[in-house]
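What follows is a single structure, written as structure tokens, with notes after it.
Each reported figure results from applying straightforward, stated rules to the coordinates on display, with no laboratory input. All values reported here derive from a predicted model rather than from experimental measurement. As a convention, Cβ positions derive from the backbone with ideal geometry for all residues, glycine included, and neighbour counts pool all protein chains shown.
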There are 2 protein chains.
Amino acid sequence: MSEQKKTRTTVDIYGQQYSIVGSDSTSYIRLVASIVDDKMREISDKNPNLDSSKLAVLTAVNVVYDYLKLKDELEALQQKIKNEEG
Amino acid sequence: MSEQKKTRTTVDIYGQQYSIVGSDSTSYIRLVASIVDDKMREISDKNPNLDSSKLAVLTAVNVVYDYLKLKDELEALQQKIKNEEG
């Protein structure tokens, strides 16, 4: 990891600025930030009384759901390939 | 969706209680909550000065990164299968 160039990108998520350091390109970091921003706004529209901290936690919950669904899909596909090869 | 039974589960994430409604089992909802809780604690350990709102946003950012990585992996595998079939 130490050989990879790290970039610092400032992004705006739900009206707050965040400085994100990583080896990804600025445009990739902006993409990730915009996905989080979109999701926060989507959840906020449905739950207008949530404070921003709870809103962010529920956004994280939401993304973990999506992550696990995708993980199941990937594992099922890997298993299918394994069965066909075996 | 309306035919699926909805359950309401109360979970604790980073010291706050959340009531989550969904068609998943209580144990699945608890699993999702525990992943978010773990990630928040992990990020908080590395950034002890973050307030809980920013911490939750950075947790969401983190999970979106993992999500996109997994999505790339899934799409690459789907493409590979398609190429082998074609």
Starting from 0.36 nm per residue, how many nanometres of slack lie between B:K69 and B:S19 once their C-alpha separation is accounted for?
15.1 nm
Any idea what angle helix A:26-46 forms with the longest principal axis of chain A, computed on alpha-carbon atoms, 0 to 90 degrees, nearest 10?
70
Mind checking which lysines have their Cα closer than 22 Å to the Cα of A:K54? Skip sequence neighbours fewer than 8 apart in that chain.
A:K39, A:K46, B:K6, B:K39, B:K46, B:K54
Helix B:52-85 sits at what angle to the longest principal axis of chain B, using alpha carbons and giving 0 to 90 degrees rounded to 10?
10
What FRET efficiency comes out for A:I81 versus A:D12 if R0 is 30 angstrom and r is the Cβ-Cβ distance? Round to the nearest 0.05.
0.15
Please compute the average number of Cβ atoms from other chains found within 10 Å of each residue's Cβ in peptide B:43-54.
2
Contact order normalised by residue count of chain A, Cα under 8 Å, 6+ apart, percent:
18
Quick check: Cα centre of segment A:1-31 to Cα centre of segment B:1-46, how many Å?
28
Size of chain A along its principal axes in angstrom, Cα-based, largest extent first?
52, 40, 17
Have a look at the protein assembly as shown and give its Rg and Dmax from the Cα atoms, expressed in angstrom.
17.9, 54
